[in-house]
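Report on one structure; see the data block that follows.
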Amino acid sequence: MTTVVIPPATRWVYIMQLIIAVTDAFSQWLNLDLPTLPTEHGGTLGRASLRTGTQSLAWQGGLSTGEGGSATAIMLEAHSRYTILLPFSSTPSQDELQKVLIERWAKEIAHLAVTRGKIRNEEMEELFRQFLLSPIEVRWYRNHDARMQAHLNDAEQALLQTLEEYGLQQLDEDEAITLGMQINQQAKRIERHGASSLPFYPMEHFLDDALYRFASQLSAYRYPDTPPGDFPNPYQATKRRPPPPQDGAAPNNVVSLERFVRDREED
């Protein structure tokens, strides 16, 4: 177990629970025996609805297998339905996949923040700093959120069509990022209680989440009910970030993203 002391200069620090939920096929691909995600109100085990909120962020993982042992992990964020495509030529370890996901998450939010004009190019380093210093508790589960299946299917269909059109067996990282950006600019709807939501764009929702979490004091615009310099909380139930822990240290089962990435590089 590792204890990470929260730097005094970091404002509004809170511990984020990062949930990575994967389908049965995904779990078998990684040769993992994962617990099922607890359900509410007596729901079916392994079929829980994933939620991202102020103190948590959830990914649903699906899998598209290719030839020669290759596969693409399709990672879908629960709130925004933002898609990240992670191609692998061979089966990674659980730690390797987690590291690649976190690195791509950081890379894509930084790119979006700058290209959408939310922060200046010279502020990207500060966004990365806040991202890397964020204490997280990572939990893996075997789970299939049926509400997200249509979006996983759409992403896999776009992937397979691209591979066929260009005569490829697998995308490289740059191609996967480009295709993901195309997918994330398409309007989505979410089914709730038999009715569809208004259309929304995954890229916009995903960026709103990232700016709230990792871009403190980088906003040039003053938002209502938001501390000066910060971006607003996109989750309506809670308007402000929770206060930092009383003793200034994270619980001993929590690591920072920086420590996580560094540890994996040293292995």
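Working out 0.36 nm times the residue gap between Gln17 and Ala150, then minus their Cα-Cα distance, what length gain in nm do you get to one decimal? Before the final figure, lay out each step's value.
Numbers: separation 133, 0.36 × 133 = 47.88 nm, distance 2.53 nm.
Roughly 45.3 nm would be gained on extension.
Look at Thr54, Thr72 and count the other Cβ atoms within 10 Å of each Cβ; fewest to most, that gives Thr54, Thr72.
For the pair Tyr223 and Gln28, what calculated FRET efficiency results from E = 1/(1 + (r/R0)^6), where r is the Cβ-Cβ distance and R0 = 30 Å, to the nearest 0.05? The formula returns an efficiency of 0.10 here.
Sorting Lys118, Lys107, Lys99 from the fewest to the most surrounding beta carbons within 10 angstrom yields Lys107, Lys99, Lys118.
Could you list Ile19, Ile177 so that the one with the fewest beta carbons within 10 Å of its beta carbon is first and the one with the most is last?
Values: Ile19 21, Ile177 17.
Fewest to most other Cβ atoms nearby, the residues stand as Ile177, Ile19.
No lab work stands behind these numbers, since they all come straight from the coordinates. Quick caveat, the model's predicted, so the values are computed rather than measured. So basically every Cβ, Gly included, is an ideal-geometry build from the backbone, and we count neighbours across all protein chains shown.
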